[in-house]
Amino acid sequence: MSAGPGTPTRHPAAPVVGAGSLVDAVEQRLADFFVGRRALVEPLGPVFVDAARALEEFVLRGGKRTRPAFAWTGWLGAGGDPADPAADAVLSACAALELVQACALIHDDIIDSSRTRRGFPTVHVDYEQRHRGGGWAGDAGHYGASVAILIGDLALAWADDMTREAGLDAAAQIRFAPVWAAMRTEVLGGQLLDIHGEAGGDESVAAALRINRYKTAAYTIERPLHLGAALADADAELVAAYREFGTDIGIAFQLRDDLLGVFGDPAITGKPSGDDLREGKRTVLVAEALQRADETDPAAALLLRDSLGADLDADQVTRLRTVITELGAVDAVERRIGDLTDRGLTALAGSTATDEAKAQLRKMAQAATARAY
């Protein structure tokens, strides 16, 4: 899922819940949920217990809890009150978004053949190493990928469990369910579009933007805000404004991450410089570069196409960065980020969200889209 389903390398600032941080509150809900699963898991034996522990460690290892933050802020902005008895259930439902994210990341690491995440082996690599260390039968890589697929599936199944067990009242559940279902379908659809786009060779900017829309924007910002609004029983006008803001800021968020994937400092991104080029990702940045190269510089177009997906050394990455910049693709993406951010903030400003939520969402949007490479 690239940097999106997400593997964003930058995160909006989270609001606070009472006297504590939302991040802390979400992580406590997640930790409590995993404790509550243990009685269900233990009868299946040590192999499954280890797999559930691997998922727990993956989820609790770190992160800014971006998706719960947008969902919670969406609820607050639509009139939700942290002092309301319903707030406890809302927070649990928001926290469940981290399990959807875990599914997306675990599967994305398999698809992208990623070896590390947040300084640790990816789940499929961890299990590949366990296979080799145990001297087990069969192919270690296939075993690792197979187990990781199932652990990702478990994360998605448990996300549903966590929302169902959150304690939402019947009316809230009815409002919440169709938005949750749409989000799950969109993120899977976006990932499929991404895989097909690379295999089918669709190099257009429109195709790359469509992938960003469904693979990242929908489940990172748009639908979390929509979920929060649904839980607060917001009117259609606020839902529409939230969705417009979320789509625009979500796409800008992914475009920023695309730039970081080529030009970012590994100390910021957490992955080797130029990895998106080595993985051959057909991002908007690459699409813009290819479009310009086809029009003005056939040699650059040939170089880009021959290099994408190759095992590039540092000098080759530097050369490609220069070509992409000289073609004007970086400036084009920066303009698009600016336009999307302005449009999203305009939609937010004209909405009926509370002033406090608007201020927080502006802060989160600016953190998500700001330049840092």
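Here the condition is being at pLDDT 95 or above and closer than 26 Å to I111 by Cβ; of G138, G167, it holds for G138 alone. Before we move on, is G201 among the small types (G, A, S), at pLDDT below 95 and at positive phi? Judged against the criteria, G201 is a match. Of all residues in region 120-130, those being surrounded by fewer than 16 Cβ atoms within 10 Å (Cβ to Cβ) and not in a helix (DSSP H, G or I) number 1.
The residues listed here are A310, A300; of these, the one that is outside any loop (DSSP other than H, G, I, E, B) and in contact with a helix residue (DSSP H, G or I) (Cβ under 8 Å, 6 or more places away or on another chain) is A300.
Scan region 182-210 for residues that are farther than 16 Å from L156 by Cβ and in contact (Cβ under 8 Å) with a residue 60 or more places away in the chain and jot them down. Within region 182-210, D194, I195, G197, E198, D202, E203, S204, V205, A207, A208, L209 meet the criteria. Evaluated against (1) closer than 23 Å to L303 by Cα; (2) assigned to a helix (DSSP H, G or I), D248 falls short on exactly one condition, (1). For L320, are the conditions met, namely being crowded, with 18+ Cβ neighbours inside 10 Å, in a helix (DSSP H, G or I), modelled with pLDDT of 95 or more and hydrophobic (A, V, I, L, M, F, W, C)? So L320 passes the test. Among residues of region 263-291 being free of Cβ contacts under 8 Å to residues at least 40 places away in the same chain and in a helix (DSSP H, G or I), the one that is farthest from L193 (Cα to Cα) is A267.
Contact map, region 87-100: first residue under 15 Å from A155 (Cα atoms) and in contact (Cβ under 8 Å) with a residue 40 or more places away in the chain, second residue among the aromatic types (F, W, Y) and open to solvent by 10 Å² or more (accessible area, probe 1.4 Å), Cβ cut-off under 6 Å, separation 6 or more or different chains; pairs are L99/W158. When P82 is tested against (1) of a type outside the set (A, V, I, L, M, F, W, C); (2) over 26 Å from I221 (Cα atoms); (3) open to solvent by 40 Å² or more (accessible area, probe 1.4 Å), exactly one condition is not met: (2). Annotation note: Cβ proximity below 8 Å between a residue of region 113-135 that is more than 15 Å from E279 (Cβ to Cβ) and a residue that is polar (S, T, N, Q) and modelled with pLDDT under 95 (sequence gap 6+ or interchain) occurs for V125/T116.
Checked against the criterion of being open to solvent by less than 10 Å² (accessible area, probe 1.4 Å), charged (D, E, K, R) and either within 18 Å of A357 (Cβ to Cβ) or assigned to a helix (DSSP H, G or I) (or both), region 225-241 contains not a single residue that satisfies it. Being open to solvent by less than 60 Å² (accessible area, probe 1.4 Å), more than 25 Å from the chain's Cα centre (by Cα), modelled with pLDDT of 95 or more and not charged (D, E, K, R): is that true of L340 here? No.
In region 231-259, the residues that are without any contact (Cβ under 8 Å) to a residue 12 or more places away in the chain never reach a residue that is open to solvent by 30 Å² or more (accessible area, probe 1.4 Å) and among the aliphatic types (A, V, I, L, M) with C-beta atoms less than 7 angstrom apart, at least six apart or across chains.
A single member of D313, D265, D294 is closer than 18 Å to R371 by Cβ and open to solvent by 10 Å² or more (accessible area, probe 1.4 Å), and it is D265.
For beta carbons closer than 7 Å, sequence separation of 6+ or different chains, a first residue in region 298-314 that is under 18 Å from G328 (Cβ atoms) and hydrophobic (A, V, I, L, M, F, W, C) and a second that is in a helix (DSSP H, G or I) and open to solvent by 80 Å² or more (accessible area, probe 1.4 Å), the qualifying pairs are A301/D294.
The values are calculated or read from the model by the stated rules, or taken from the named source; none is laboratory data. Please read these numbers as outputs of a predicted model, since none were measured by experiment. Glycine also receives a Cβ, built like all others from the backbone with ideal geometry; neighbour counts cover every protein chain displayed. The protein model used for the area step is the full one, side chains on, heavy atoms only, and it has no ligands, DNA or RNA in it. Shrake-Rupley method; radii C 1.70, N 1.55, O 1.52, S 1.80 Å.
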